[in-house]
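J.: Here it is, the structure, as structure tokens.
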Amino acid sequence: MKLRSIELSLPDPAEANRFMIDIWGLVSAGERDGTYYLRGSGSCPYLVSFSPGEEFARSTTFTCSEDELARVKNRVAEAGWPARKVVSDDPGDGQGIIVELPEGTILRFLAGTSDVAPIEGHAKATRRVMPVGLTHVVFNAADAEAMADHVEQILGFAVSDRTKGMVFVRCNTKHHSTAFARAGFSSLNHIAFEMEDLDTVMRGIGWMRDNGFTPAWGPGRHGPGANVYAYYISPFGPVIEYSTAVETVAEDHVAGEPDDWTWPELRIDQWGVSDKDFDGLRKAEERFRFRRDWEPQPLAD
């Protein structure tokens, strides 16, 4: 199983589309019925979509095998979570289920999807960078521990680490594909785009600065996952991140606990060089709530 994409509803999807192409570095994957699709240099048909409407997070999509989909579908049905079968008309196609988790977070699981051929990123001479794919999508939670338990027991995910601020969860060998922040409310926390390497992250920071954007947090290196990061508050709302080098964990990985991740005074990451706009990030992280724009139906065949 792997994280593929996130689907957002926005009042002005065209403007968000322009920013993500002209500044952030993605490229168009087409437009269908007013929805814009954007891809990176990797094999995923798209990483993010913007549909016209009010501001909310429509879904986050994982691709999986038929066997994985069957297990998720059976457990979701047994748990009684709101869900329905879906056939995707997004790039990459596929069929599966969409499900609402106990705090309203909406995930979609698709099997039978198709990939696309990778493409070349922007040449260094342009000063631009292009993300490869998505590395993780993080959610805020009223009860992060409960949400982690739910996705472990029902979706088959696994907890990789716990800190004072988050519970990190993986769906494959990457340290985390998602996490639940101990926020006291449920919403989209941030979207992390996988970059090719450290140099690409740093060049991305330079390109963003050239265009008038400074990091809301970063550059730095996290403890859990050890990924390098630079966070920005996008002009259309959500927090977005350039990230690279998330750790791979072994099958027998033992989840860390909050006391394993403490920093010396005045440090908020491994390097100790980054500043953080706590207030600005908090406001942006509260904006995108979840909304079910579909009616549940029985999952039985």
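The values are calculated or read from the model by the stated rules, or taken from the named source; none is laboratory data. Keep in mind it's a predicted model, so treat the numbers as computed, not measured. Backbone-built Cβ (ideal geometry, glycine too); neighbour counts: all protein chains shown. Ligands, DNA and RNA are excluded from the accessible area calculation, which covers all protein heavy atoms including side chains. Shrake-Rupley method; radii C 1.70, N 1.55, O 1.52, S 1.80 Å.
J.: Place a label point 7 angstrom from the Cα of Asp197 along the Cα-to-Cβ direction, then list the residues of the stretch 99-120 whose backbone nitrogen is under 18 Å away.
T.: Flagged as within label range: 119-120.
J.: Which residue, Pro238, Pro258, Pro82, tops the fluctuation ranking in a GNM of the chain built on C-alpha contacts under 10 Å?
T.: Of the options given, Pro258 has the highest mean-square fluctuation.
J.: Across the chain, where is the longest run that never hits GluC sites (Glu not before Pro) in a DSSP loop with at most 12 other C-beta atoms within 10 Å?
T.: 121-250
J.: Once whole DSSP H runs in the chain are found, which of them have Cα atoms spread over 30 Å or more along the helix axis and a mean Kyte-Doolittle score of at least 0.0?
T.: none
J.: Can I ask one more? Rounded to the nearest 500, what is the 222 nm mean residue ellipticity of the chain from helices alone, with -39500 (n - 2.57) per DSSP H run of 4+ residues and division by all residues?
T.: -5500 deg cm²/dmol
J.: Also: Would you mind calculating the gained length between Glu265 and Ala250 on full extension (0.36 nm times residue separation, minus the Cα-Cα distance), in nm to one decimal?
T.: 2.3 nm
J.: Tell me the net charge near Val87. Cut-off is 12 Å between Cβ atoms, Val87 excluded, with +1 for each Lys or Arg and -1 for each Asp or Glu.
T.: Here the charged neighbours net out to 0.
J.: Which entries in the list Lys2/Lys276; Lys174/Lys283; Lys164/Lys283; Lys164/Lys276 go over 24 Å, if you measure between the two C-alpha atoms of each?
T.: Details: Lys2/Lys276 30 Å; Lys174/Lys283 29 Å; Lys164/Lys283 20 Å; Lys164/Lys276 17 Å.
Lys2/Lys276; Lys174/Lys283, as the Cα separations exceed 24 Å there.
J.: I've got another one for you. Hey, how many Å between the Cα centroid of the stretch 1-28 and the Cα centroid of the stretch 69-144?
T.: 14
J.: Calculated FRET efficiency, Ser114 and Glu152, Cβ-Cβ r, R0 30 Å, to nearest 0.05? Don't jump to the answer; show the numbers that get you there.
T.: Values: r = 29 Å, r/R0 = 0.98.
It comes to 0.55.
J.: Moving on. Please give every one of the aspartates and glutamates within straight-line cross-link reach of Lys73, meaning a C-alpha to C-alpha distance under 13 Å, and leave out same-chain neighbours fewer than 8 residues apart.
T.: Excluding near neighbours in sequence, the set is Glu100, Asp301.
J.: Considering only DSSP states other than H, G, I, E and B, which chymotrypsin sites (Phe, Trp or Tyr not before Pro) in the stretch 120-196 qualify as loop sites with at most 11 other Cβ atoms within 10 Å? Before the final figure, lay out the partial values.
T.: On the way: sites: Phe139, Phe157, Phe168, Phe180, Phe185, Phe193; in loops: Phe157, Phe185.
Answer in residue order: no site qualifies.
J.: Keeping all protein chains in place, calculate the accessible area per residue for the chain (probe 1.4 angstrom), answer in Å².
T.: Dividing the accessible area of the chain by its residue count gives 43 Å².
J.: Continuing with this model, one more query. Please quote Rg/Rh for the stretch 185-301 to two decimal places, taking the Kirkwood radius as Rh and restricting both calculations to Cα atoms.
T.: Ratio value, two decimals: 1.05.
J.: Another question, then. Roughly speaking, to the nearest percent, how much of the chain's 1.4 Å accessible area is carbon and sulfur?
T.: Carbon and sulfur: 48 percent of the exposed surface of the chain.
J.: Something else about it: Using a Förster distance of 22 Å, how high is the FRET efficiency between Ser43 and Asn211, based on the Cβ-Cβ distance and rounded to 0.05?
T.: 0.20
J.: Kindly work out what percent of the DSSP beta bridges joining two residues of the chain are antiparallel, to the nearest 5.
T.: So the antiparallel bridges in the chain amount to around 70 percent.
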